[in-house]
Amino acid sequence: MTTDKEVFERFMGWMGMNPSKIKEINNEVVVKYEDISNCDVRFTKCGYDEFYAGAIFDENGRMVKGYVDSHVAYSSVNSDDIDILIIEEG
């Protein structure tokens, strides 16, 4: 069975997003992605600038939280929550 984590990673690949930081915190995996602007030919994106993404997955690969924001609209609640975990947990 395919996990949420595997699906999200595949989607990020199509969007031209690579993991930039990965941390394990309390049996959860926190991943932050950076935009490398190299989309798959089957998927295109359009925005004002680069995109940001992140997700938290539990020990079974199920998504706990996730987000995809453009540079200009980098303001979703989940992006703030994930950034705090990536930055504060060292």
Inset, instruction - Check GLU6 against each of (1) more than 15 Å from VAL68 (Cα to Cα); (2) out of contact with any helix residue (DSSP H, G or I) (no Cβ under 9 Å at 6 or more places or on another chain); (3) assigned to a strand (DSSP E or B) and name the one condition it does not meet. - result: (3)
Inset, instruction - Taking the residues in the stretch 34-69 that are in a loop (DSSP other than H, G, I, E, B) and of a type in the set (Gly, Ala, Ser) as candidates, determine which candidate is modelled with the highest pLDDT. - result: GLY61
Inset, instruction - Go over the candidates MET12, MET1 one by one and state the one that is at pLDDT 85 or above, among the hydrophobic types (A, V, I, L, M, F, W, C) and in a loop (DSSP other than H, G, I, E, B). - result: MET1
Legend entry - Filter result (exposed (fewer than 10 other Cβ atoms within 10 Å of the Cβ) and within 17 Å of THR3 (Cβ to Cβ)) within the stretch 23-59: ASN27
Inset, instruction - Mind listing whichever residues of the stretch 1-10 are surrounded by 15 or more Cβ atoms within 10 Å (Cβ to Cβ) and either among the basic types (Lys, Arg) or more than 13 Å from GLY54 (Cβ to Cβ) (or both)? - result: ASP4, LYS5
Legend entry - Among (1) aliphatic (A, V, I, L, M); (2) buried (at least 17 other Cβ atoms within 10 Å of the Cβ); (3) touching a residue at least 40 places away in the same chain (Cβ under 8 Å) - the single one MET63 does not satisfy: (2)
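The values are calculated or read from the model by the stated rules, or taken from the named source; none is laboratory data. Quick caveat: nothing in here was measured; it's all calculated off a predicted structure. Positions of Cβ are backbone-derived with ideal geometry, glycine not excepted, and every protein chain shown enters the neighbour counts.
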